[in-house]
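Visitor: Mind looking over this structure? Questions follow.
The values are calculated or read from the model by the stated rules, or taken from the named source; none is laboratory data. Remember, predicted model here, so these are calculated numbers, not experimental data. Methodologically, a virtual Cβ is constructed for each residue, glycine included, from the backbone with ideal geometry; neighbour enumeration extends over all protein chains shown. Accessible surface is based on the protein model in full, side chains and every heavy atom, while ligands, DNA and RNA are left aside. Shrake-Rupley method; radii C 1.70, N 1.55, O 1.52, S 1.80 Å.
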Amino acid sequence: MINYNENFINESEYDLLNRGFLYGDSVFESIKIINNKIIFWEDHYMRLMSSMRIARIEISQNYTPEFFRSQILNTISKVNSNFSGRVRLSVFRKGGGYYTPISMSSSFIIHCTISENNNFYIKNSDFKVDLFKDYYIQDNLLSNLKTNNKLINVLAGIYSNENNLDNCILLNNKKNVAEFLNGNLFIVNQKKIKTPSLDSGCLKGVMRKKIIEYSKFFPDYNLEETTISPFELLSAQEIWLTNSITGIIPVTSYRNKTFTNDLAKIFISFLNKKVTDF
């Protein structure tokens with residue numbers, strides 16, 4: 001029996017006490033949908049499978065790309081016949097146990113939210129950021145995964161609201177730049193594009209992967225995955241927040257410095273042309 005906000009529910013009716021909720025024993029993907037087209041689906045699926053393997057969550061034989069694709073399309077069709085928005089596909093380890101699970105098998109949940117904005121775009125508004133230094137991301141393989149263990153990101157979001165910021169930059173345990181609270185980080189300076197390497201503990205983001213991949217179409221710029229110190233942020237010409245839903249969000253101000261968004265605009269236009277091919 002479960003008491004959920006003063007409502008008593010038989011435990012067998014809903015899996016409210018799943019391991020994803022109790023222990024963060026879960027991985028997930030946030031996926032952009034444009035007119036019923038699943039954007040970068042192959043990359044999301046491969047990352048999901050990789051994350052499940054690393055987390056030792058059993059991959060069911062029916063968890064094929066076609067299976068999850070059909071499940072996503074069936075779900076969004078219940079909302080709108082021509083859906084655009086975001087989908088969260090979560091996979092959690094089911095079964096009992098406390099810290100040590102009894103079973104390695106899994107269940108999944110698909111949740112969708114409709115949006116009016118189809119293409120990636122840059123908002124004509126300020127985007128102010130600063131460092132979050134209360135807690136640090138660990139520079140290890142688990143930090144690369146998109147799991148339910150996001151308490152540092154949540155606290156960074158609260159810190160942002162309390163300090164009138166639009167986002168925060170998270171640091172790792174070596175005090176180097178790791179990522180934003182909801183996306184990866186890129187800096188642009190003197191024909192160089194830099195992003196924290198995966199051994200910094202940053203998320204192995206799908207949009208991060210696509211920007212690295214698409215950088216070859218910008219031969220005037222050299223892209224490097226490397227260590228980035230907080231001091232480098234002030235010398236950058238552009239700072240980007242990137243994720244699969246919004247694409248690229250250029251930072252307008254950090255500390256007392258303002259930034260341009262010239263390359264971000266060009267890259268956003270390039271991304272929109274790519275997604276029309278889906």
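Visitor: Quick one: pull the percent of accessible area on the chain belonging to carbon and sulfur, 1.4 Å probe, ligands and nucleic acids left out. All intermediate terms of the calculation are to be shown ahead of the outcome.
Guide: Working: 7350 of 14890 Å².
Answer for the chain is 49 percent, counting heavy atoms of protein chains only.
Visitor: Given Cα pairs under 8 Å that are at least 6 residues apart, what percent is the relative contact order of the chain? Walk me through the intermediate numbers first.
Guide: On the way: 503 pairs, mean separation 47.2, N = 278.
Across the chain, relative contact order equals 17 percent.
Visitor: Translational D (Stokes-Einstein, µm²/s) of the chain at 4 °C and 1.567 mPa s when Rh comes from the Kirkwood sum over C-alpha pairs?
Guide: Details: Rh = 20.1 Å.
It comes out at roughly 65 µm²/s.
Visitor: Could you give the accessible area per residue of the chain, probe 1.4 Å, as a whole number in Å²?
Guide: On the way: 14890 Å² over 278 residues.
Per residue, the chain has an accessible area of 54 Å².
Visitor: Still on this structure, please answer the following. What is the local net charge at ASN144, summed over the other residues whose Cβ is closer than 11 Å to its Cβ (Lys, Arg +1; Asp, Glu -1)?
Guide: Values: positive: ARG47, LYS146, LYS204, ARG208; negative: ASP139, GLU179, ASP199.
Net charge in that neighbourhood comes out at +1.
Visitor: How about region 68-129: which trypsin sites (Lys or Arg not before Pro) there lie in a loop by DSSP and see at most 15 other Cβ atoms within 10 Å?
Guide: Numbers: sites: ARG69, LYS78, ARG86, ARG88, ARG93, LYS94, LYS123, LYS128; in loops: LYS78, LYS94, LYS123.
Answer by residue number: LYS78, LYS123.
Visitor: Still on this model: Set the bar at 25 Å for Cα to Cα. Now go through LYS94/LYS133; LYS150/LYS257; LYS128/LYS175; LYS128/LYS265; LYS123/LYS174 and name every pair that lies beyond it.
Guide: Values: LYS94/LYS133 35 Å; LYS150/LYS257 29 Å; LYS128/LYS175 21 Å; LYS128/LYS265 18 Å; LYS123/LYS174 33 Å.
Too far apart for the 25 Å limit: LYS94/LYS133; LYS150/LYS257; LYS123/LYS174.
Visitor: For SER115, which sequence-distant residues (separation of 5 or more, or a different chain) have an amide H within less than 5 Å of its own amide H, given hydrogens modelled in the peptide plane?
Guide: HN-HN under 5 Å from SER115: SER84, GLY85, ARG86.
Visitor: Let me ask something else about it. Give, in nm to one decimal, the length gained when the segment between GLN138 and ILE59 is fully stretched (0.36 nm per residue of separation minus the Cα-Cα distance).
Guide: On the way: separation 79, 0.36 × 79 = 28.44 nm, distance 2.65 nm.
This chain segment gains 25.8 nm when fully extended.
Visitor: Which whole-number percent gives the relative contact order of region 184-278, counting Cα pairs below 8 Å spaced six or more residues apart?
Guide: Working: 130 pairs, mean separation 26.7, N = 95.
Computed over region 184-278, the figure is 28 percent.
Visitor: Could you please put THR195, THR64 in sequence from largest to smallest accessible area, using a 1.4 Å probe? Each step should come with its number before you reach the end.
Guide: Details: THR195 0, THR64 50 Å².
Order by accessible area, largest first: THR64, THR195.
Visitor: Further question on the same structure: How far is the Cα center of region 35-67 from the Cα center of region 143-185, in Å?
Guide: So the two Cα centres are separated by 25 Å.
Visitor: In sequence order, what are the phi-derived ³J(HN,Hα) couplings for region 210-226 according to the Karplus relation 6.51 cos²θ - 1.76 cosθ + 1.60 with θ = phi - 60°, rounded to whole Hz, with x for glycine and proline?
Guide: Rounded to whole hertz, the list is 5, 5, 4, 5, 7, 4, 5, 7, 10, x, 6, 10, 9, 9, 9, 8, 7.
Visitor: Still on this structure, please answer the following. Shape verdict for region 39-156, please, from the Cα gyration tensor: rounded (a/c under 1.5), prolate (a/b greater than b/c) or oblate.
Guide: Numbers: a/c = 2.14, a/b = 1.07, b/c = 2.00.
It is oblate, given that a/c is not under 1.5 and a/b is not larger than b/c.
Visitor: Multiply the residue separation of PHE218 and ASN161 by 0.36 nm, subtract the distance between their alpha-carbon atoms, and state the gained length in nm to one decimal.
Guide: Values: separation 57, 0.36 × 57 = 20.52 nm, distance 3.59 nm.
Net length gain for the segment: 16.9 nm.
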